[in-house]
1. Within the bounds of the stretch 267-279, is there any residue that is closer than 23 Å to Gln97 by Cα, in a loop (DSSP other than H, G, I, E, B) and under 20 Å from the mean Cα position of the chain (by Cα)?
2. Residues in the stretch 132-139: is at least one surrounded by fewer than 18 Cβ atoms within 10 Å (Cβ to Cβ), touching a helix residue (DSSP H, G or I) at 6+ places or on another chain (Cβ under 9 Å) and touching a residue at least 12 places away in the same chain (Cβ under 8 Å)?
3. Name the strands (runs of 3 or more DSSP E) wholly inside the stretch 44-88 in which the number of residues that are under 16 Å from Asn137 (Cα atoms) is 3 or more.
4. Within the stretch 82-117, work out how many residues are among the charged types (D, E, K, R) and touching a Pro at 6+ places or on another chain (Cβ under 6 Å).
5. Just checking, does the stretch 195-218 include any residue being surrounded by 24 or more Cβ atoms within 10 Å (Cβ to Cβ) and touching a helix residue (DSSP H, G or I) at 6+ places or on another chain (Cβ under 6 Å)?
6. From the list Val103, Val115, which residue is within 20 Å of His160 (Cα to Cα), part of a strand (DSSP E or B), at pLDDT 95 or above and under 18 Å from the mean Cα position of the chain (by Cα)?
7. Any residue at all in the stretch 100-111 that's in contact with a His (Cβ under 7 Å, 6 or more places away or on another chain), of a type outside the set (A, V, I, L, M, F, W, C) and either without any contact (Cβ under 8 Å) to a residue 40 or more places away in the chain or surrounded by 16 or more Cβ atoms within 10 Å (Cβ to Cβ) (or both)?
8. Working carefully through the options Ile223, Ile195, find the one that is among the hydrophobic types (A, V, I, L, M, F, W, C), free of Cβ contacts under 8 Å to residues at least 40 places away in the same chain and under 27 Å from Leu332 (Cβ atoms).
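The values are calculated or read from the model by the stated rules, or taken from the named source; none is laboratory data. Everything numeric here is computed off the predicted structure, so don't read it as measured data. Positions of Cβ are generated from backbone atoms using ideal geometry, with glycine treated the same way; all protein chains shown enter the neighbour counts.
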Amino acid sequence: MRTVLTLVSTSCLLLIGCASDRPASGEETTDTDAAAPATAFSIAEHDQFEAPWALEFLPGTDDLLITQRTGGLMLRDQASGEVREVSGAPNVDSAGQGGMHDVVASPTFEQDQVVYLSWVSSSDDGAQGRVGRAELNLDEAELGDIEEIWQQDPAQSTGHFALRMLMHEDHLFVTSGDRQESDLAQDLESNLGSIVRLTLAGEPAPGSPFAEDSDAAAGLYTIGHRNPLGIAADSQGNLWSSEMGPEGGDELNLIIEGANYGWPEVSMGVHYGGGEIPDHSDNDEFEPPRTYWVPAISPGNLLIYQGDLFTGWRDSALLGGLSGQNLVRVELDGESAEQVDEWEMGERIRAVEEAPDGALWIATDAGALMELRPPRD
């Protein structure tokens with residue numbers, strides 16, 4: 001392990017829009033007036049992994065699970081630093097943006113040792129996202145038989161899977177990207193371009209907001225999403241999701257049951273190549289982002305901080321930028337959001353997770369696992 005004290009704060013140079021009110025059609029975002037404070041993190045660099053994608057601290061243990069997009073599940077003993085590969089992980093199709101994706105612990109992990117996994121595999125109709133659950137034997141670093149509980153509709157493209165998961169109020173929420181078939185994000189018969197709400201057994205949760213449409217895909221909770229690579233809940237129980245826009249127009253959305261977030265009909269970005277997309281407006285039927293970014297930061301995931309180690313950060317949204325190669329902090333206030341800090345990290349940030357002691361652990365596309373703490377005196 002190598003520990004360095006690195007100054008990584010910068011002025012907020014991005015154009016951002018804080019959309020606590022619905023933006024008027026064609027409204028432009030403006031430079032933020034406030035620069036991020038001169039803050040240093042104490043950064044400890046730990047192990048290297050192959051394309052790490054998600055991190056999960058296992059309740060009641062000293063263990064951290066790390067998924068590797070190219071395949072494999074790794075178990076790190078935080079006390080000793082020992083890393084073992086977990087046997088029994090599913091075979092994956094890692095073409096394009098596919099592969100092993102998210103991992104979350106069961107709400108009752110300390111009793112049942114069950115973890116939930118999302119991954120991509122091949123099917124006759126194209127690549128397909130899947131969710132399954134299995135018991136994890138920590139002593140043997142071994143998964144039991146995986147029970148597959150949900151399937152994303154297959155598509156021929158190998159992009160925009162999303163497949164982030166959240167345990168919230170005894171439900172499992174799964175983000176489902178549009179798979180680069182953007183029109184399907186407005187098609188209730190498809191589960192692409194949506195967030196789905198399931199029971200812990202993978203059944204559609206009772207009380208679907210789209211139940212009046214008998215042809216609606218099972219479990220739909222919200223629609224109109226492009227590539228929602230983050231989902232988290234704040235201390236008030238509000239759900240939030242981060243979403244990659246097209247060229248610009250990345251979003252932080254307040255997730256409201258039954259809402260339509262507009263993709264591909266509206267966006268604060270443009271199509272690659274410059275093709276125009278109508279902005280959100282007061283006159284449309286779509287739920288606008290609470291904050292958006294132009295140019296893009298490409299948020300790889302979303303964490304809502306609940307610790308005390310970083311003073312004043314509780315209920316802040318933390319987003320790791322892929323193209324932005326940055327870490328962004330957004331203050332949440334009820335149903336509104338405002339970016340307050342941005343730190344240049346110099347690497348594509350794929351995952352940000354909060355440790356039990358409040359430290360931040362970050363995984364990068366280059367394979368680094370880093371621990372961030374407040375600066376030493």
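1. Restricting attention to the stretch 267-279, the residues satisfying the condition of being closer than 23 Å to Gln97 by Cα are 267, 269-273.
Checking which are in a loop (DSSP other than H, G, I, E, B) leaves us with 267, 269, 271-273.
Adding the requirement that they be under 20 Å from the mean Cα position of the chain (by Cα) leaves 267, 269.
Looking for residues that are closer than 23 Å to Gln97 by Cα, in a loop (DSSP other than H, G, I, E, B) and under 20 Å from the mean Cα position of the chain (by Cα), one finds at least one in the stretch 267-279, hence yes.
2. Checked the stretch 132-139: at least one residue is surrounded by fewer than 18 Cβ atoms within 10 Å (Cβ to Cβ), touching a helix residue (DSSP H, G or I) at 6+ places or on another chain (Cβ under 9 Å) and touching a residue at least 12 places away in the same chain (Cβ under 8 Å).
3. Details: elements: 52-57, 63-68, 73-77, 83-86.
In the stretch 44-88, the matching strands (runs of 3 or more DSSP E) lie at 63-68, 73-77, 83-86.
4. Selection size over the stretch 82-117: 1.
5. no
6. Numbers: Val115 fails: within 20 Å of His160 (Cα to Cα).
The conditions single out Val103.
7. No, there is no match, as no residue in the stretch 100-111 is in contact with a His (Cβ under 7 Å, 6 or more places away or on another chain), of a type outside the set (A, V, I, L, M, F, W, C) and either without any contact (Cβ under 8 Å) to a residue 40 or more places away in the chain or surrounded by 16 or more Cβ atoms within 10 Å (Cβ to Cβ) (or both).
8. So the residue among Ile223, Ile195 that is among the hydrophobic types (A, V, I, L, M, F, W, C), free of Cβ contacts under 8 Å to residues at least 40 places away in the same chain and under 27 Å from Leu332 (Cβ atoms) is Ile223.
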